[in-house]
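This is the structure, below, for whatever I ask next.
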Amino acid sequence: MSTSAYPTSSAQLRTYSPIVAGVIDVLRHGRFRKLFTAQVVALVGTGLLTVALGLLAYDLAGGRAGIVLGTALAIKMVAYVVVAPIVSALTERLPRRALLVSADAVRAAIALMLPFVTHTWQVYVLIALLQSASATFTPAFQSLIPSILEDERDYTRGLSLSRLAYDLESLLSPILAAALLTVIGYHLLFIGTALGFVASAALVVTTRLPRPAAPERSDPLPLRITQGARFMLRQPVLRGLLAMNLAVAAATSLVIVNTVVYVRDGLGGPNSAVALALGCYGFGSMAVALAAPRLLAVVTDRELMLTGCRILPVGLLLAAVIPLLVPVSGGLLLALTWVLLGAGTSMINTPSARLLRAHSDSATRTAVFTAQFSLSHACFLLTYPLAGGLGALAGLPIAAATLAVIATLAATTAVRVWPGSAPAGTEAVVSAGR
């Protein structure tokens with residue numbers, strides 16, 4: 001077949017898929033292309049780590065592997081909530097390249113140590129260090145992108161591409177890990193994880209990064225740690241975003257914690273159906289991420305995000321009904337509900353960084369992105385135990401209904417604290433207040 005049958009330019013690509021072409025078009029920016037590639041390879045490494053860690057936990061603890069993984073997940077969330085703002089405050093004057101590369105180096109080194117552990121407490125210590133490095137890397141990385149993609153439309157496309165990367169990683173990394181495990185032992189997956197972090201560091205090293213603005217004055221450490229959170233609480237739009245984070249956590253926790261219970265116990269499906277159900281959630285999220293640039297050209301951030309807030313309680317209430325249905329109709333409703341929940345969470349997650357960018361400046365941006373990273377993960381410390389505990393003790397309908405109530409309260413709060421007259425997007429300009 002002639003190579004002319006394939007799209008060879010942005011214009012030709014638009015003929016095939018205008019939405020995909022519009023999102024991918026942002027990769028023409030060289031610096032963003034390198035950083036996005038760094039994000040992708042690091043995500044692949046993280047995906048391999050997730051699979052390998054589960055197998056390692058089973059080797060160490062056998063039937064108690066779930067407790068090991070649950071504890072590791074709790075350690076991850078605590079690191080994200082506690083470590084991120086502290087490290088951000090301590091490193092605010094450091095060059096971003098040195099900070100990002102150091103975090104990747106720590107993550108790579110720890111990944112190489114994990115195959116040699118012999119006790120569960122060693123897993124906990126290493127995971128705490130690895131996730132602390134991730135809590136250092138991710139907010140600093142995210143806060144750089146607005147300075148690289150200064151055009152609002154390009155930035156929106158960059159956010160959509162980033163959201164797609166996260167969704168594709170959750171779908172493809174298990175498949176890649178499964179393929180690798182047919183020819184290698186699971187311990188070697190940790191090497192793949194380390195290589196992902198090393199490749200990420202190499203791409204960051206070769207990218208010219210903007211320097212963070214020097215703070216006007218040096219506040220005491222406790223004030224610097226809480227600067228981003230205090231800044232967000234002063235802005236009506238960002239207060240609304242904080243409430244929306246809880247709605248997202250409620251929906252996401254039900255999917256992550258209880259999908260296997262819905263499929264295996266509730267519907268009597270096989271393991272492959274668990275993967276399909278998670279794929280439905282990822283499909284809903286990716287569909288919205290692809291459409292976001294065009295949607296945000298015709299509706300405001302507030303309208304799109306509040307639509308997501310309205311969808312999530314509905315999806316959670318539908319999830320409460322699924323266990324009461326026969327397997328065939330229940331399976332169909334599960335697939336549709338998971339697509340709906342994926343779409344709703346993406347309507348909130350994809351534009352959220354636009355709000356952070358619009359309501360911060362170069363002096364406060366890293367602190368604000370760090371606060372969003374930390375506080376959004378703090379919501380999971382509430383919703384993960386609720387999803388798992390209520391699901392096990394009171395049943396899936398009660399768990400889903402409770403999370404629906406939480407999502408409804410969060411959505412109502414977001415509407416009240418983010419008035420329609422508050423500026424959002426490109427029209428919002430704020431000073432670097434303390």
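Could you please give the count of residues in segment 27-38 that are in contact with a helix residue (DSSP H, G or I) (Cβ under 6 Å, 6 or more places away or on another chain) and surrounded by fewer than 21 Cβ atoms within 10 Å (Cβ to Cβ)?
5
I'd like the full set of residues that are surrounded by fewer than 23 Cβ atoms within 10 Å (Cβ to Cβ) and within 18 Å of residue 400 (Cα to Cα), limited to segment 259-273.
Going residue by residue through segment 259-273, those that are surrounded by fewer than 23 Cβ atoms within 10 Å (Cβ to Cβ) are 259-261, 264-273.
Answer for segment 259-273, where residues must be surrounded by fewer than 23 Cβ atoms within 10 Å (Cβ to Cβ) and within 18 Å of residue 400 (Cα to Cα): 259, 260, 261, 264, 265, 266, 267.
Okay, next question. Just one of 294, 302, 310, 354 is surrounded by fewer than 24 Cβ atoms within 10 Å (Cβ to Cβ), within 17 Å of the chain's Cα centre (by Cα) and either polar (S, T, N, Q) or assigned to a helix (DSSP H, G or I) (or both); which is it?
Sole residue among the options that is surrounded by fewer than 24 Cβ atoms within 10 Å (Cβ to Cβ), within 17 Å of the chain's Cα centre (by Cα) and either polar (S, T, N, Q) or assigned to a helix (DSSP H, G or I) (or both): 354.
Now, a different point. Quick one: which residue in 335, 343 is touching a residue at least 24 places away in the same chain (Cβ under 8 Å), crowded, with 20+ Cβ neighbours inside 10 Å and either within 17 Å of residue 261 (Cα to Cα) or within 22 Å of the chain's Cα centre (by Cα) (or both)?
Exactly one residue qualifies, and that residue is 343.
Restricting segment 214-234 to residues that are modelled with pLDDT of 85 or more and aliphatic (A, V, I, L, M), which is nearest to residue 88 (Cα to Cα)?
Keep residues of segment 214-234 that are modelled with pLDDT of 85 or more, which gives 229-234.
Add one more test, that the residue is aliphatic (A, V, I, L, M), and what stays is 229, 232-233.
Details: 229: 12, 232: 16, 233: 18 Å.
If we take residues in segment 214-234 being modelled with pLDDT of 85 or more and aliphatic (A, V, I, L, M), then 229 is nearest to residue 88 (Cα to Cα).
The values are calculated or read from the model by the stated rules, or taken from the named source; none is laboratory data. No experiment lies behind these values; they were computed from the predicted model shown. Reconstructed Cβ throughout: ideal geometry from the backbone, glycine too, with neighbour counts over all protein chains shown.
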